[in-house]
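The values are calculated or read from the model by the stated rules, or taken from the named source; none is laboratory data. Please read these numbers as outputs of a predicted model, since none were measured by experiment. No Cβ is skipped: glycine too gets one built from the backbone with ideal geometry, and neighbour counts run over all protein chains shown.
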Amino acid sequence: MDLTWFDHLFFFLLGVVFPAMAVMSEKSGAEEDESYIQQLPPKKHIYYSNGLMLVIGALMVLTLWNVTYRDFGKLGFQDILISPAALWIVTGITLIYAGDTLYNVWQSKKEADKWKDLSHIMPTSWQDYRHFIFLALAAGSCEEIIFRGFMINYVAEMTSSFSYAEAVALIVPAFIFSISHIYQGWASVVKIASISLLFGALYMYTTSLYLVMIIHVLVDLISGAVLVTLSRSK
């Protein structure tokens with residue numbers, strides 16, 4: 001795959017600019033606390049604006065693939081290759097999210113105040129959840145196109161002359177993806193980094209984005225529904 005200047009520019013924006021903005025935003029939010037939260041737009045606007053940004057990013061990747069006559073199968077739009085390794089990865093993802101869900105249930109009962117820290121951005125009612133569905137669908141599909149399809153291929157190509165290229169192609173996108181979620185707290189960053197590594201490995205083993213997209217969308221939808229249920233039980 002021959003890289004173009006647009007590949008480098010897009011990676012710079014995703015790999016450097018956006019994560020830096022996320023970290024700066026997290027620090028600013030921590031300093032301003034309540035005043036910062038009060039200035040945020042309604043949650044449904046956050047969901048739609050963030051979702052649309054992801055859609056635009058994914059469309060940029062697809063446009064790049066189209067104008068450079070690249071094989072969309074290389075991006076991950078091809079049949080899913082099922083293997084024992086892929087099944088083990090799916091099992092790992094399931095166990096991590098099941099454990100995280102149980103932990104959230106426990107934490108919501110033990111530390112109610114701490115649980116409310118993300119209430120300004122996460123769905124806390126079924127009305128919020130209706131709008132959150134758009135973000136879940138956009139994130140589950142578009143983030144995979146960007147962070148798995150594009151970034152893994154980009155990093156793999158950039159490091160193709162090294163023996164550890166495959167490992168770097170997994171680690172770098174996972175790090176960038178997790179740091180971009182710093183607004184959820186550092187504990188979530190660690191969890192998301194581990195899940196992102198598994199998503200990347202699943203993409204590599206199945207040679208397809210389809211299964212990763214389906215799992216990602218389901219995880220986001222279920223997580224949102226769990227948050228609403230826990231919030232309503234208070």
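General remarks:
- Every residue from region 1-16 that is out of contact with any Ser or Thr (no Cβ under 9 Å at 6 or more places or on another chain) and at pLDDT below 90: L13, G15, V16
- Just one of the listed residues (S178, S188, S231) is within 21 Å of F18 (Cβ to Cβ) and crowded, with 17+ Cβ neighbours inside 10 Å, namely S178.
- Subset of region 107-125 that is assigned to a helix (DSSP H, G or I) and either under 19 Å from V219 (Cβ atoms) or in contact with a strand residue (DSSP E or B) (Cβ under 9 Å, 6 or more places away or on another chain) (or both) - its residue that is modelled with the highest pLDDT: Q107
- Check on G200, modelled with pLDDT of 95 or more, out of contact with any Cys (no Cβ under 6 Å at 6 or more places or on another chain) and part of a helix (DSSP H, G or I): yes
- E166 meets all of the listed conditions (1) modelled with pLDDT of 95 or more; (2) more than 26 Å from M21 (Cα to Cα); (3) in a helix (DSSP H, G or I) but one, namely (1).
- Considering region 208-231, the residues that are β-branched (V, I, T) and either modelled with pLDDT under 95 or farther than 22 Å from L87 by Cβ (or both) include one that is farthest from the chain's Cα centre (by Cα), namely T229.
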